[in-house]
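The values are calculated or read from the model by the stated rules, or taken from the named source; none is laboratory data. This one's a predicted model, so the numbers in the text were calculated from it and none came from an experiment. Counting neighbours? That spans all protein chains shown, and the Cβs are built from the backbone with ideal geometry, glycine included.
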Amino acid sequence: ELDQYQEAALRTWNTNQDFGGRVLNAALGLSGEAGEVADIVKKAIFHGHGFDPAHCPGEEEGNTHKIALELGDILYYISIMSHEMGYTLEDIAQMNIA
């Protein structure tokens with residue numbers, strides 16, 4: 001399933017850049033999305049929003065749902081970066097638990 005996700009993600013990836021540009025794009029995307037997760041967590045803890053979906057002003061689905069969406073964005077960029085480095089998502093997952 002991971003490799004199928006990666007194949008789907010690659011259909012939307014901009015390959016009109018050289019290798020360095022593609023890697024930089026993926027790295028910045030990954031970093032930016034991780035920062036968005038950190039910001040949601042910061043607001044949940046330090047601004048008193050909490051992690052209850054009903055306590056996130058302006059978010060109908062709540063901040064836990066927003067975190068899940070951002071994690072999906074992170075998975076997208078991990079998928080792309082893995083591909084650019086010559087690995088499948090399955091390869092990466094297996095390396096991590098080996």
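General remarks:
- The residues of the stretch 1-19 that are surrounded by 10 or more Cβ atoms within 10 Å (Cβ to Cβ), among the hydrophobic types (A, V, I, L, M, F, W, C) and over 11 Å from Ile80 (Cβ atoms), listed by number, are Leu2, Ala8.
- Answer residue from the stretch 50-65, given it is farther than 21 Å from Gly32 by Cβ and either touching a Gly at 6+ places or on another chain (Cβ under 9 Å) or part of a helix (DSSP H, G or I) (or both) and is modelled with the highest pLDDT among those: Phe51
- Taken over the stretch 1-36, the criterion of being in a helix (DSSP H, G or I), under 19 Å from Thr88 (Cβ atoms) and without any contact (Cβ under 8 Å) to a residue 24 or more places away in the chain is satisfied by Gln4, Glu7, Ala8.
- The listed residue being modelled with pLDDT of 95 or more and either out of contact with any helix residue (DSSP H, G or I) (no Cβ under 9 Å at 6 or more places or on another chain) or farther than 15 Å from His83 by Cβ (or both), out of Ala38, Ala68: Ala38
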